[in-house]
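**Student:** Following this message is one structure expressed as structure tokens.
The values are calculated or read from the model by the stated rules, or taken from the named source; none is laboratory data. Note that the structure is a prediction, hence the values are computed from the model and not measured. Every residue, glycine among them, receives a Cβ derived from its backbone with ideal geometry; neighbour counts consider all protein chains shown.
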Amino acid sequence: SMVHDKDDYIFAVTENSGHVAMVLIEQSGQVHVNELARNKLRALWPAAYESNMKKLIPVFAKQLNRGEIPINGVKTVKPSS
């Protein structure tokens with residue numbers, strides 16, 4: 001769970017009839033869907049978004065193919081001042 005794992009966000013990817021959706025949920029309960037979720041993740045991972053997605057998308061595709069819904073926790077690192 002988000003609280004147990006101390007995640008700042010969780011995101012999930014799902015597929016229905018060939019349509020893929022991404023959902024990002026904040027600790028506050030605010031939900032970002034599809035493009036808004038991607039934009040939020042890109043802002044959270046400014047230096048790592050592309051490389052993280054290249055690693056995660058093939059894993060997500062395999063999970064979706066097995067009928068699973070990939071759910072992942074996201075931790076952020078606060079910039080040092």
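**Student:** Just give me the residues in segment 29-48 being outside any strand (DSSP E or B), out of contact with any Phe, Trp or Tyr (no Cβ under 9 Å at 6 or more places or on another chain) and modelled with pLDDT of 90 or more, in sequence order. Before the answer, list the steps.
**Tutor:** Step one: filter segment 29-48 for residues outside any strand (DSSP E or B), giving 29-30, 34-48.
Those left that are additionally out of contact with any Phe, Trp or Tyr (no Cβ under 9 Å at 6 or more places or on another chain): 29-30, 34-36, 39, 45-48.
Passing the criteria: 29, 30, 34, 35, 36, 39.
**Student:** Additional query: Please enumerate the residues belonging to segment 1-24 that are hydroxyl-bearing (Ser, Thr, Tyr) and either in contact with a strand residue (DSSP E or B) (Cβ under 6 Å, 6 or more places away or on another chain) or within 14 Å of residue 73 (Cβ to Cβ) (or both).
**Tutor:** The answer is 1, 9, 14.
**Student:** So for segment 11-27 (the condition being in a helix (DSSP H, G or I), without any contact (Cβ under 8 Å) to a residue 60 or more places away in the chain and exposed (fewer than 15 other Cβ atoms within 10 Å of the Cβ)), does at least one residue qualify? So that I can check it myself, show each step before the final result.
**Tutor:** Keep residues of segment 11-27 that are in a helix (DSSP H, G or I), which gives none.
The answer is no, given that none of the residues of segment 11-27 is in a helix (DSSP H, G or I), without any contact (Cβ under 8 Å) to a residue 60 or more places away in the chain and exposed (fewer than 15 other Cβ atoms within 10 Å of the Cβ).
**Student:** Still on this model: Mind listing whichever residues of segment 48-68 are among the aliphatic types (A, V, I, L, M) and either under 16 Å from residue 23 (Cα atoms) or in contact with a Ser or Thr (Cβ under 9 Å, 6 or more places away or on another chain) (or both)?
**Tutor:** Selection gives 53, 56, 57, 61, 64.
**Student:** Considering only residues that are surrounded by 14 or more Cβ atoms within 10 Å (Cβ to Cβ) and of a type outside the set (Ser, Thr, Tyr), which ones fall in segment 43-60?
**Tutor:** Answer for segment 43-60, where residues must be surrounded by 14 or more Cβ atoms within 10 Å (Cβ to Cβ) and of a type outside the set (Ser, Thr, Tyr): 44, 45, 52, 53, 56, 60.
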